[in-house]
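The structure appears right after this line, and notes come after that.
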Amino acid sequence: METDNQRFNATVQPNSAFLVELKEKLPEFFTRENSFDLEKFQAALKEKNVSELSEGYQLNFIGKDYARRQAGEMPTTVIVPDENQNNGAGKNSQNLFFTGDNLEVLRHLQNNYQNKIDVIYIDPPYNTGSDGFVYPDSFEYSDDKLKEMFGMNDDQVARLKSIQGRSSHSSWLTFMYPRLFLAKRLLSQNGVIFISIDENEVYDLSQLLSMTFGESNLDTLIWNKESDGKSGSLKAVNRFRKIHEYILLAYKNKDINFNKVHEPLKGRETEFATANLAVNSNIENKNHPNYFTITNPLGDQFTRQWKWSKEKITSLKKENLIYWGSDGHKQPRLIIPFDNRRTVYLQSILNYGSTTLGRLEFEKLIDKDVFSYPKPTALIKKILAASSKKYSTVLDFFAGSSTTADAVMQLNAEDGGHRKFIMVQLPEKTYHTNSDGSEVPTKGGKAAYEAGFRSIDEISRERIRRAAAKIKADNELTLPTDFDGSFKHYRVVKPNRIALERIEEFKPDTDELVLDTVTAFSSDALGVAGNASGEQTVLATWLAKDGYAFDADIQKIDLAGYQGNLVENNRLYLIRENWSSKCTEKLLNLLGTHELNVQAVVIFGYSFNLNDLRELENGLKQLDGNVSLIKRY
């Protein structure tokens, strides 16, 4: 037997996702059979004097139709809650961390986060051939099915499959298209996505964003990745030294305005206007009221005549408005800050942080150099300060070293905000297993493996924990009591062979059950950590499908010894096995006396035999209230 999502995916065409989006915006041009009425649409264009364009540039690449189809498919994975984390450190957190394929996570989030994400920042693989990018998706269709779906011949199918595992432009575009398409649907009406990229794919990414968001909704920023000094990782070329990367922006609505941002109070002299504090370094009028000694943080003393009183300069020191030179030993100068007295808009060239700074701050947290080229929090904080509000939700579905989560927490600590983050990271292993069962670190994963990290997502989560601890230590007296320095954790996992076999064995039109189908979705059965039961996995997956938040109110309700899940007091989920006539009787009694008021009862079809299902279905139909029964497989 196929699952509901498998049956749906079998009907998806390359234009399915586009038609869904089109129907949401222009429902009047669709028939009762959900077909697009092209003639009616063309007539409307003519009536409004809108000319159809017969020519124009279009981005084409091998795998485009496959990518478009992926954008319209339903998830084939389940969401496994990490009960140890979610009932422990993350119990009261509203931040989320997903371990899994980000395409599947984006599919799961389509219902409960559509139009709710305010800022997306991603740092995807640059596809340079040396950044570890390998096409991660598998072609799960036979050659005949691919030919049927896309109208291809044998040669075209071979070319489509040849991009798998190659660092080609086509493979990168096929990889990125469905992710960007689904990400756009998550953005709020005033939402914006920032994407870091270098010259290798900046052109293709620009065209892809133009195709997805519209070319009028794009902008480009340049990041000077040596703004804090030279980066040892950069290589000189014969013509010039590359010290920049790009950050492409795409909006749903380009009419939005960014916030002005405060410039930092500390930094090199070249980044700030400064002024001498001394009246004249050669004048030593010991009787002048402004003649006294200033001591810098390193213990150096400067005695002379100053422009302001000792009290004034002491106040400036407390505000970190005195610059002591690049080595900290120079004569003090006044920093003229860009703080509340002067705020500015982001400039098109961003001079915040550097690749070196990103690496150093990461090493200070983790104690080892286990991650290549993490972005600096200084850069992400400025982006978020400009584009987010204090209650914004921020998504990064290429979490990497979790710089974005760190930046969100730092910014909240600084301005009292309550921004929430959602991180997604593929569990890329730092080792591979030999035929004899021994583990060997991967080429780029040796340091991480030796530090005890078996996958990249483990590094990502540990960075969040240590960053939160540092923020709490550095801001002990000023940190809000409701500061959120943790996260709830979920793993997005494909059902294993046991679960799939039980699904295939199940026959809904008979009175025979395949036992322990629910158990096959437990974290133990799926081979992941977290201590989640199969019922908890199915429920978490369905809550996302039905648009509920991951912190939805869930109450256990007793139905003659059978435990149901009452969600937000309006939907009852029946997932466990061992449903009986007594359970039906108890449920109908609660509904009939209005002790329980729900709009729908949702059942896990594999847990119900045919007789019990019919009895429940008939009983609900006889109630005066309108309680629908939703059967899922």
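The values are calculated or read from the model by the stated rules, or taken from the named source; none is laboratory data. Just so it is clear, the model here is predicted, and its values are computed rather than measured. Cβ atoms come from the backbone with ideal geometry, glycine included; neighbour counts cover every protein chain shown.
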Given the options Arg461, Arg465, name the one that is within 26 Å of Val105 (Cβ to Cβ) and surrounded by fewer than 17 Cβ atoms within 10 Å (Cβ to Cβ).
Arg465
Being among the hydroxyl-bearing types (Ser, Thr, Tyr) and modelled with pLDDT of 80 or more is the filter; apply it to segment 292-336 and report the residue that is farthest from the chain's Cα centre (by Cα).
Thr303
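Could you tell me which residue of segment 490-499 is farthest from the chain's Cα centre (by Cα), considering only residues that are in a helix (DSSP H, G or I) and surrounded by 14 or more Cβ atoms within 10 Å (Cβ to Cβ)? Break it down into steps so the answer makes sense when it comes.
Here is the first cut: in segment 490-499, the ones in a helix (DSSP H, G or I) are 497-499.
From what's left, surrounded by 14 or more Cβ atoms within 10 Å (Cβ to Cβ): 498-499.
Values: Ile498: 30, Ala499: 28 Å.
My answer is Ile498.
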Filtered residues of segment 177-216 (kept if under 15 Å from Tyr246 (Cβ atoms), in a helix (DSSP H, G or I) and aliphatic (A, V, I, L, M)):
Val202, Leu205, Leu208, Leu209
Scan segment 370-377 and tell me whether some residue there is more than 19 Å from Ile247 (Cα to Cα) and of a type in the set (Lys, Arg).
no
Lys312 - would you say it is free of Cβ contacts under 8 Å to residues at least 24 places away in the same chain and assigned to a helix (DSSP H, G or I)?
yes
Any residue at all in segment 342-359 that's farther than 23 Å from Ala407 by Cα, touching a Leu at 6+ places or on another chain (Cβ under 6 Å) and of a type in the set (Gly, Ala, Ser)?
no
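Quick one: is Asn626 without any contact (Cβ under 8 Å) to a residue 40 or more places away in the chain, part of a loop (DSSP other than H, G, I, E, B) and not assigned by TED's automatic domain parsing to the domain that holds Lys420? So that I can check it myself, show each step before the final result.
Values: without any contact (Cβ under 8 Å) to a residue 40 or more places away in the chain: yes; part of a loop (DSSP other than H, G, I, E, B): yes; not assigned by TED's automatic domain parsing to the domain that holds Lys420: yes.
For Asn626, the condition - without any contact (Cβ under 8 Å) to a residue 40 or more places away in the chain, part of a loop (DSSP other than H, G, I, E, B) and not assigned by TED's automatic domain parsing to the domain that holds Lys420 - is met.
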Filter segment 500-535 down to residues that are in a loop (DSSP other than H, G, I, E, B) and either farther than 19 Å from Val80 by Cα or in contact with a Leu (Cβ under 6 Å, 6 or more places away or on another chain) (or both), then give me how many there are.
10
For segment 508-530, check the following and say yes or no: at least one residue is of a type in the set (Gly, Ala, Ser), assigned by TED's automatic domain parsing to the domain that holds Asn611 and on the phi > 0 side of the Ramachandran plot.
yes
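It is to be established whether one or more residues within segment 481-489 are assigned to a helix (DSSP H, G or I) and either under 30 Å from Tyr573 (Cα atoms) or touching a His at 6+ places or on another chain (Cβ under 6 Å) (or both).
Step one: filter segment 481-489 for residues assigned to a helix (DSSP H, G or I), giving none.
No, because not a single residue in segment 481-489 is assigned to a helix (DSSP H, G or I) and either under 30 Å from Tyr573 (Cα atoms) or touching a His at 6+ places or on another chain (Cβ under 6 Å) (or both).
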Just checking, how many residues over segment 200-229 are surrounded by fewer than 16 Cβ atoms within 10 Å (Cβ to Cβ) and acidic (Asp, Glu)?
2
Evaluate segment 339-362: report whether one residue or more is without any contact (Cβ under 8 Å) to a residue 24 or more places away in the chain, within 30 Å of Thr220 (Cα to Cα), in a helix (DSSP H, G or I) and of a type in the set (Asp, Glu).
yes
Condition check: in contact with a helix residue (DSSP H, G or I) (Cβ under 9 Å, 6 or more places away or on another chain) and in contact (Cβ under 8 Å) with a residue 12 or more places away in the chain. Does Gly100 satisfy that?
yes
Residue list for segment 543-593, restricted to those being of a type in the set (Gly, Ala, Ser), surrounded by fewer than 17 Cβ atoms within 10 Å (Cβ to Cβ) and not in a loop (DSSP other than H, G, I, E, B):
Ser581, Gly592
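Being surrounded by 13 or more Cβ atoms within 10 Å (Cβ to Cβ) and in contact with a Pro (Cβ under 9 Å, 6 or more places away or on another chain) is the filter here; which residues of segment 321-331 pass it?
Scanning segment 321-331 gives Leu321, Ile322, Tyr323, Trp324, Gly325.
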Could you check, for segment 153-174, whether at least one of its residues is in a helix (DSSP H, G or I), among the aromatic types (Phe, Trp, Tyr) and at pLDDT 90 or above?
no
